[in-house]
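The values are calculated or read from the model by the stated rules, or taken from the named source; none is laboratory data. Source: prediction; values computed, not measured. Neighbour counts run over all protein chains shown; Cβ positions are idealised from the backbone, glycine included.
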Amino acid sequence: MSIAATTSREITLQLATGRSKDRTTGSLIFLGLLWFSLFFGVMVLLALIISTAIKGATRFDSELITNYTSIVRPETAGFRAGILGSLWLMVFTALFAVPLGIAAALYLEEFANPDRALNRFVEVNLQNLAAVPSIVYGLLAVAVMALIGFQDAGIVLGGALALALLILPVIIITTREAVRAVPRDIRQGSLALGATVWQTTWRQTLPAAVPGIATGTILGLSRAIGEAAPLVVVGLAGSVLFDPQGMMSAITALPMQIYSLTSQSREELQQAASAAIIVLLVMILGLNALAIYIRNKFQRSW
């Protein structure tokens, strides 16, 4: 084997494995800074979580979930209305955003003509919308609610609409990536057997992309469940003393209650807010764990 072939093979191996024998001082310093940044970020996060858990440790009881928020008896204040409100919001957010997001992604990826100016305009704006601050979606939801005749947007419908607008670009982008990951051979084989483009998409492409779609959708919902900024703009109350009764019912959400209680000066309410932060964190981690399980359980190797 020639020297040139050996050198080419070594370079290819280095690029494939990410390893290189060239250990210069600059590269080592840069690598050390990267590891320090990762270590520092993780340590700060752990410190915040541990300090919050210690502060709210005295309130990890059943009353935290079964009771309503009470200023009169702060030692027994709970977050029943906020937890139920968050669950209601997640259900209707999924009903609004998931079907529309999947349908839009399938159209853009399988049916739309990428050379048309309108489709290019939509694709560019999808990338931009994913980075828009969440409070903007709250303003948009208020405008939509006023347009369809609702003067008070602080209801289940208004909150779910704001969160659906928030995660819709994320669902579209992740669904397109999942559909794009399905090999073209599957589509071509289906078309060669006489199936239409719609039949191929519905019976072959979409089922093969379900793990990626489910993962992206759950991660989008886990982002929405922790959002407070769009709900503040929509006008959800910080304290509600009843369970949601329907789409037109006034509600609160767990992030809203946490935001409201952290501004209180009484120590008991501060402890309750710290315990609620851990509850919210457990809910978010649970959704993320479900997404990881679905990805690992149903992921296919092509």
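Just a few scattered comments:
- Taken over region 245-299, the criterion of being touching a Ser or Thr at 6+ places or on another chain (Cβ under 7 Å) and of a type outside the set (S, T, N, Q) is satisfied by 253, 254, 273, 277, 278, 284, 287, 291, 294, 295.
- Subset of region 56-109 [under 13 Å from residue 271 (Cα atoms), part of a helix (DSSP H, G or I) and among the polar types (S, T, N, Q)]: 58, 76
- Members of region 183-204 found to be within 26 Å of residue 96 (Cβ to Cβ) and in contact (Cβ under 8 Å) with a residue 60 or more places away in the chain, listed by number: 201
- Test: residue 218 is under 28 Å from residue 101 (Cβ atoms) and crowded, with 24+ Cβ neighbours inside 10 Å: no
- Matching residues, region 249-290, being part of a helix (DSSP H, G or I), among the small types (Gly, Ala, Ser) and modelled with pLDDT under 85: 260
- Scanning region 235-248 turns up no residue that is assigned to a helix (DSSP H, G or I) and either in contact with a Pro (Cβ under 9 Å, 6 or more places away or on another chain) or surrounded by 16 or more Cβ atoms within 10 Å (Cβ to Cβ) (or both).
- The requirement of being in contact (Cβ under 8 Å) with a residue 24 or more places away in the chain and charged (D, E, K, R) is fulfilled nowhere in region 117-126; no residue meets it.
- Only one of 120, 176 that is in a helix (DSSP H, G or I), of a type in the set (Lys, Arg) and surrounded by fewer than 21 Cβ atoms within 10 Å (Cβ to Cβ): 120
- Filter result (among the aliphatic types (A, V, I, L, M) and farther than 22 Å from residue 222 by Cα) within region 232-249: 240, 241, 248
- Residue count for region 137-150 satisfying the condition of being free of Cβ contacts under 8 Å to residues at least 12 places away in the same chain and not in a loop (DSSP other than H, G, I, E, B): 3.
- Looking across 213, 278, 251, 294, one residue alone is in contact (Cβ under 8 Å) with a residue 24 or more places away in the chain, more than 27 Å from residue 50 (Cβ to Cβ) and touching a Phe, Trp or Tyr at 6+ places or on another chain (Cβ under 8 Å). It is 251.
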